1. Regarding region 93-101, can at least one residue be identified that is part of a loop (DSSP other than H, G, I, E, B) and within 27 Å of residue 163 (Cβ to Cβ)?
2. Return the total of residues in region 185-203 being closer than 27 Å to residue 88 by Cβ, open to solvent by 10 Å² or more (accessible area, probe 1.4 Å) and not in a strand (DSSP E or B).
3. For region 158-199, what are the residues that are among the hydrophobic types (A, V, I, L, M, F, W, C) and either more than 17 Å from residue 73 (Cβ to Cβ) or modelled with pLDDT under 95 (or both)?
4. Out of everything in region 45-74 that is of a type in the set (A, V, I, L, M, F, W, C) and either surrounded by 13 or more Cβ atoms within 10 Å (Cβ to Cβ) or within 18 Å of residue 95 (Cβ to Cβ) (or both), what residue ends up being nearest to the chain's Cα centre (by Cα)?
5. Identify all residues within region 102-112 that are part of a loop (DSSP other than H, G, I, E, B) and surrounded by 24 or more Cβ atoms within 10 Å (Cβ to Cβ); write none if there are none.
6. Being open to solvent by less than 20 Å² (accessible area, probe 1.4 Å), farther than 20 Å from residue 202 by Cβ, modelled with pLDDT of 95 or more and part of a strand (DSSP E or B), is that true of even one residue in region 127-143?
7. So residue 177 fits all but one of (1) within 15 Å of residue 106 (Cβ to Cβ); (2) in contact with a His (Cβ under 9 Å, 6 or more places away or on another chain); (3) surrounded by fewer than 23 Cβ atoms within 10 Å (Cβ to Cβ); what number is the exception?
8. Residue 42 fails exactly one of the following numbered conditions: (1) modelled with pLDDT of 85 or more; (2) touching a Phe, Trp or Tyr at 6+ places or on another chain (Cβ under 8 Å); (3) open to solvent by less than 20 Å² (accessible area, probe 1.4 Å). What is the number of that condition?
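The values are calculated or read from the model by the stated rules, or taken from the named source; none is laboratory data. As the structure is a prediction and not an experimental result, all values here were calculated from the model. Ideal geometry is used to build each Cβ from the backbone, glycine not excepted, and the neighbour counts take in all protein chains shown. Ligands, DNA and RNA are excluded from the accessible area calculation, which covers all protein heavy atoms including side chains. Shrake-Rupley method; radii C 1.70, N 1.55, O 1.52, S 1.80 Å.
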Amino acid sequence: LSQFHYNRNGYTLHSPGRAAGFAIMQKTTWDPTEDEEAGPSEVNTTKASHLVKVHKDKLTVTYNGKANHIQDVGAVQSNRPFSNKVLIGYFEMTVVNAGAKGCMAIGLGNSSFNNMRHPGWEHGSYGYHGDDGRKFNHSSRGEPYGGKYGAEDVVGCGLHFGTREIFFTKNGKNLGVAFTDPGHSYFPTVGLHSEGETVTLNFGELPFVFPLDEMLREERDKLQATIFRVPLAVSEVNELVRAYLWHEGHIGALRSFEAAANLPPR
């Protein structure tokens, strides 16, 4: 059976057995020695807006500006983008204090994101805003989406690398696909814009409110069903098995399989 291995802020897929072709499609496990694969773990304090305070845990953020102007947004991003080795990148934001107006936003932004703007307002960014419940992508007007959110709500943002879809969650419920075919906008991004707003981010060090593991199991089942519906000739199955054993370094098993199947050595 296929398995999903937890990698801090996402899951990698592994499948042995008949679905050798499926195993070849697996994403490799998280390697903490490589920044581009490690995934986010905390707020990037060097790129945080001067209008916010990042607390010592580097996960809690408070707006400390006056919010007198539209450009007085205080935004932060994670220290790293979602890992390119996970099927689904995901993080959550708990609203500790909605502040005076609840003008918070959660989403994704690219590496050149303007930290004086909400995610979704800028080119190359996507956002879901709490004060009006709308979703935004390079727009100041947005579109109706998942309803407003505020104090004590837990809001999440996910990117499905397989389907190229961005989705948001609220208090454990998937609000549906918000955007498709995103560009390189993989940094978890949060914007605050009214006095007293405080949020705490979770990149996977603690259990998520949204049942991400269930979503991954559903993805596994769909992929397995697709694979078993594809008719394969014996020769194709043999080549898939050989490729899998070779890829995984199981040379002894490879030689035994080749002998049993009367195949020339790879």
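1. No - not one qualifying residue is present in region 93-101.
2. Qualifying residue count, region 185-203: 1.
3. Selection gives 159, 161, 166, 167, 168, 175, 177, 178, 179.
4. Here is the first cut: in region 45-74, the ones of a type in the set (A, V, I, L, M, F, W, C) are 48, 51-52, 54, 59, 61, 67, 70, 73.
Retained after the next criterion (residues that are either surrounded by 13 or more Cβ atoms within 10 Å (Cβ to Cβ) or within 18 Å of residue 95 (Cβ to Cβ) (or both)): 48, 51-52, 54, 59, 61, 67, 73.
Values: 48: 20, 51: 26, 52: 24, 54: 22, 59: 17, 61: 20, 67: 30, 73: 24 Å.
Applying the filter and picking the extreme gives 59.
5. 104
6. The first filter runs over region 127-143 and keeps only residues open to solvent by less than 20 Å² (accessible area, probe 1.4 Å), leaving 127-130, 133, 136, 142.
From what is left, the residues that are farther than 20 Å from residue 202 by Cβ are 133, 136, 142.
Filter again for modelled with pLDDT of 95 or more, leaving 133, 136, 142.
Narrowing the set further to residues that are part of a strand (DSSP E or B) leaves 136.
Looking for residues that are open to solvent by less than 20 Å² (accessible area, probe 1.4 Å), farther than 20 Å from residue 202 by Cβ, modelled with pLDDT of 95 or more and part of a strand (DSSP E or B), one finds at least one in region 127-143, hence yes.
7. Residue 177 satisfies all of (1) within 15 Å of residue 106 (Cβ to Cβ); (2) in contact with a His (Cβ under 9 Å, 6 or more places away or on another chain); (3) surrounded by fewer than 23 Cβ atoms within 10 Å (Cβ to Cβ) except (1).
8. Evaluating residue 42 over (1) modelled with pLDDT of 85 or more; (2) touching a Phe, Trp or Tyr at 6+ places or on another chain (Cβ under 8 Å); (3) open to solvent by less than 20 Å² (accessible area, probe 1.4 Å) leaves (3) as the failure.
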